[in-house]
Amino acid sequence: MSVWETELGPAVLKAHLGWLDRGGQGEGRIQLEGLDLSGAVIGSNLSGAQLRACDLSRSTFHLAMLQHVELSECRLLACRFAGCDFESAVLKACRFDGSQAPTADFLSARLQGCVWAGAQLQRTGWNEASVENCDFQEADLQDSTFDGAHFRQCDFRRAKLSWSQGPPLGTAQGAHFVRCDFRGADLTDLRCETATFEECRFHGAQAATVFASGCTLIAPDLAP
Amino acid sequence: MDLKVQNQNLIRPLRTPGRTVGGESATPSASPMVGQDAIFLSGGPPAPPAAVAPQATAPVAQEMASAPPAPKAPLEDVGGWLVSGGCADLSSDQNRQISNSLEVSLAAAIAKVTGPPQVAPSANHPGVELHNHLLGVVDTEYFIQKCAGGDPKVLLTQLERMFRERPGLRQEAPEVGKILEATSHTPGLTPQMARKHLERVLTASPSTPFDDVYTPRDELVKHHLELTSEQMDEVLTSVTHGRMDKGAHLSPEDCRRLRKNLGENLTRASAQQLVTVGGITPTQAVALTSRMIDRRYESFVEDSQRVLLKDNIHYSEQSISLNKLGTRLPESMMKRVQQRLQSEGLQSDMRYLAMVGTTYLSEGYLDQTSPASGMPLVFEQEGLEVTPQQFQRLMKHFGQNGATHGECLKAIANAAPKELRALGLSAEQSAIVTGGLPPSLKSGLEEVARRGDVMGIDVASPEKEPFTARGMKNFDEMYDILKSAAQERGRPLVMRPHVGEGYPEMPEGSHGFHRYKVATCEGSSEPKHYSLASANLETLISHLEARGYNAAQGAADGVIVRFGHATHLTQSQTERIKALGIYAEANLGSNVQTGALQPVQGGHFFENHPLLSLLYHEVPTVLNTDAHGVMHTSLKQEYEQADRLLTMFARNKTSFQVGEKHVYYRDLSPDEKKRFDPKLLRQWAKDYETAVRVADQSDTSR
């Protein structure tokens, strides 16, 4: 049973805001473990909160501040994160399958072992983020920015990383993709002249514009 | 204590993606968040921690501690203060008097040295809020503490009983009534579950329409808010020595008997208990109960201001019903509250907007009928008094073509006065039925508009009906009331209709309220209430244009028009309200909590909000919470969210439309980009407050 509104209700959020107001000192920081908090609706500032093994599936975070948040082993299936700010967040082994996070920012965030399969991540910002062993299969990352980000051993199979030529986004300048799997992915018009792709797999990817951009390709694997 | 809570054992194995991990993890271990890194206020650099004002008592206490002890007399504790034990050559009564006077002078000294208002270090806004509803400021926890001694189960039981015993409440707040009906049959209710139900009863929730929650809140304030023994003393003093109706005064003997017979229950006693157990007359009991209710509202107003101060709000305009403003919240009470806060060094300037229903801009008020006669209450009012015979004749006449009851009423209200006179109504009755505010409402507004703490009129309630020509006549009457009062007072006043917010309509056949499962327009996915909200904006804007309103005219009349919410403004309407000189009040969090804004593809709530368009067209826009507690927000959060919207726009993630074109930040000229500076939102609020302070100088009512 979800304990949202009893454990992560207004009183707890208020205490956390008090902790933030004190510059992250003293009592009140949200530190939750092993709770069913599914169905939460949060527009509040959760920056710096620590949640481990919590279930926040089907929750709505409307424009929530989630900077420096630390989530590990949490389930966040089918959540709404539109416009949320995850700057410098630390996300470990969390499941975001089917979540919607368009326009969210993950600037300088650290992600490890997270699943974003099938997620809606259009116009998201990943600049300077460090992302390792994450699953973005079939995720929609159109018009996102990856400038200066490091992606290592991430699965982008059949994901969409293209630029629609609408908003001035869709860039991956200075980004490093190491041993990532782009098989069947759409990278059309992604602007990445100064990006490096090292030991990445590209079979079936729409990546002609990427290859022609002058980016650095180290030992690309085009095998099925 | 940090907020570590119990484990529900939800740790589950997780599928790891891709190929096997090789080498060291690129992810650093989670680092504890400390110091300034912990705070990030978007839209600007982190605010430096301001020096917290020292506790006012500290210097005095230190001074006292370091002062040399009195040479002879030992120290004794008097009212919490250590004072000398008195002189041996004076009587004990004389010594006590001296001690008491010393205590008073110490308290006075402390009041004098109390510093400036204590401001938390994280204000990200100028402390000005123009759109808030007084009864919605405090949160659920407040009621748990103040009405039920901290026990959520007790509070829930109180509410269940209240709704069970008074069917009228269930009519006023049907969804809350249903929730309470269901909870009353819940076996083994834990405090946590009770708290969760209370959130649904007292705040906007996925299953609670926001307007329902004001009914239980008001009832709790009126009848259950705890009175301290000091406050009860004040009440008894006022009914013993104050001005009272004949037969309502209490004698000192009555007071002693009440205390003796009711003991601690006196503060919670009903009028009936005051008579049967307390031994006073029904007249006295009614008067005493009324004073107790007044005192509860006074406490509530004070506590609400403390909540606002914690959110760094020092100037606010609170909407409260005209009736409550006139009967329970007199200006003298506001002054007392302000003095008490000032004595603690807290500067809070709370003012009111007198609220009347949005139904007066449509014809929804016709639905408010007398249970006895079935006649709209508006027809029964003093000065109009349509008789049942007259009403029957009207209904018969206008119901000839198979019209429904509601259609008949609207036909009556929109009939030509001549036609009504032919059906037997007097000339005055005809004039009132077909247009114009009820006389009692009008005189009430005229009266409060002359109060120094009232800043204008708020037209507010669920926007369920289309605004009509008749409604615009009512708007004009309210405008004229304000114009007259403004000229008398020598200051501009505010006309603030709630418009363009809309009210989520449930799909046909659905049971209960579902915030994000609303009825949509036929053949489209657009929520029905969006189009009604835009249509109402259109009606009001067109009306203001037709009557020649603009900033200059408003200044000449002394009437500032502000649109409450304006959530579903279209592009062209935004341009037109700029030309009219109208202020917009944006309530972002509230629009999410009430369902006024529905999530669109991708989970966005604010794609349809006009904030960017308002800024582009330089419409003065002020951010607000609408109701802190009811809407689960704070002014700080509202500014954070607006800042985030502006950041996303500045990063070209979002756009707004001008004509057919989607405009991105990169498309703007340098001058146009300046319009999206988050400081501008703050500046408008500051400028508004400055204008208020200037106008205060010439206000004859202050």
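The values are calculated or read from the model by the stated rules, or taken from the named source; none is laboratory data. Every value quoted in this text rests on a predicted model; they were computed, and no experiment measured them. So basically every Cβ, Gly included, is an ideal-geometry build from the backbone, and we count neighbours across all protein chains shown.
A few points about this structure:
- Of the strands (runs of 3 or more DSSP E) lying entirely inside the range A:30-118, not one carries at least 1 residues that are of a type in the set (K, R) and more than 21 Å from A:V131 (Cβ to Cβ).
- Matching residues, the range B:243-267, being under 34 Å from the mean Cα position of the chain (by Cα), outside any loop (DSSP other than H, G, I, E, B) and loosely packed, with under 15 Cβ neighbours inside 10 Å: B:E264, B:N265
- Looking across the range B:630-653 at every residue that is in a loop (DSSP other than H, G, I, E, B) and more than 8 Å from chain A (Cβ to nearest Cβ), the one that is farthest from B:N591 (Cα to Cα) is identified as B:V630.
- Any hit, the range B:465-478, residues being assigned to a loop (DSSP other than H, G, I, E, B), in contact with a Gly (Cβ under 8 Å, 6 or more places away or on another chain) and modelled with pLDDT under 95: yes
- With respect to the stated conditions, B:A194 is of a type in the set (G, A, S) and within 14 Å of chain A (Cβ to nearest Cβ).
- Within the range A:81-109, restricting attention to residues that are among the charged types (D, E, K, R) and buried (at least 24 other Cβ atoms within 10 Å of the Cβ), the residue that is nearest to the other protein chains (Cβ to nearest Cβ) is A:D85.
- If the condition is being of a type in the set (D, E) and within 30 Å of B:M333 (Cα to Cα), then the range B:423-466 contributes B:E446, B:E447, B:D453, B:D458.
- Here the condition is being under 27 Å from A:H62 (Cβ atoms), surrounded by fewer than 16 Cβ atoms within 10 Å (Cβ to Cβ) and modelled with pLDDT of 95 or more; of B:D671, B:D677, B:D667, B:D687, it holds for B:D677 alone.
- Test for B:E226: is it under 26 Å from B:Q145 (Cα atoms) and either in a loop (DSSP other than H, G, I, E, B) or at pLDDT 95 or above (or both): yes
- Selected residue [crowded, with 22+ Cβ neighbours inside 10 Å, more than 10 Å from every other protein chain (Cβ to nearest Cβ) and touching a strand residue (DSSP E or B) at 6+ places or on another chain (Cβ under 8 Å)] from A:A207, A:A219, A:A195: A:A195
- Cβ-Cβ under 7 Å pairs, at least 6 apart or on other chains, the range B:689-702 side among the β-branched types (V, I, T), far side part of a helix (DSSP H, G or I) and surrounded by 11 or more Cβ atoms within 10 Å (Cβ to Cβ): B:T700/B:R489
- Test result for B:Y688, under 30 Å from A:N45 (Cβ atoms), more than 12 Å from chain A (Cβ to nearest Cβ) and not charged (D, E, K, R): yes
- Counting residues in the range B:539-546 that are assigned to a loop (DSSP other than H, G, I, E, B) and either in contact (Cβ under 8 Å) with a residue 60 or more places away in the chain or among the polar types (S, T, N, Q) (or both) gives zero.
- Within the range A:8-30, considering residues that are free of Cβ contacts under 8 Å to residues at least 12 places away in the same chain and on the phi > 0 side of the Ramachandran plot, the one nearest to the other protein chains (Cβ to nearest Cβ): A:G23
One line per residue, one yes/no per condition, for (1) crowded, with 24+ Cβ neighbours inside 10 Å; (2) more than 24 Å from B:G589 (Cα to Cα):
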| residue | (1), (2) |
| --- | --- |
| B:D139 | no, no |
| B:D151 | no, yes |
| B:M162 | no, yes |
| B:G168 | no, yes |
| B:S184 | no, yes |
| B:M193 | no, yes |
| B:L202 | yes, no |
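- In the range A:209-224, the residues that are part of a strand (DSSP E or B) form Cβ pairs under 6 Å with partners that are surrounded by 14 or more Cβ atoms within 10 Å (Cβ to Cβ), at six or more places apart or across chains, as follows: A:T216/A:T196; A:L217/A:F197; A:I218/A:E198; A:D221/A:R201.
- Test: B:V201 is part of a helix (DSSP H, G or I), within 14 Å of chain A (Cβ to nearest Cβ) and under 22 Å from the mean Cα position of the chain (by Cα): yes
- Here B:H568 fulfils each of the conditions (1) within 14 Å of another protein chain (Cβ to nearest Cβ); (2) surrounded by 21 or more Cβ atoms within 10 Å (Cβ to Cβ); (3) part of a loop (DSSP other than H, G, I, E, B) apart from (1).
- All of A:E33, A:E5 fail the test of being within 7 Å of chain B (Cβ to nearest Cβ), surrounded by fewer than 21 Cβ atoms within 10 Å (Cβ to Cβ) and charged (D, E, K, R), apart from A:E33.
- Every condition in (1) touching a Lys or Arg at 6+ places or on another chain (Cβ under 6 Å); (2) farther than 28 Å from B:V630 by Cα holds for B:P206 except the one numbered (2).
- Here is the figure for the range B:387-414: residues that are closer than 23 Å to B:T359 by Cβ, modelled with pLDDT under 85 and outside any helix (DSSP H, G or I) total 1.
- Set B:Q158, B:Q145: member being over 26 Å from B:Y516 (Cβ atoms) and touching a residue at least 60 places away in the same chain (Cβ under 8 Å): B:Q158
- Residue under evaluation A:A11, criteria (1) under 21 Å from A:E87 (Cβ atoms); (2) part of a helix (DSSP H, G or I), criterion not met: (1)
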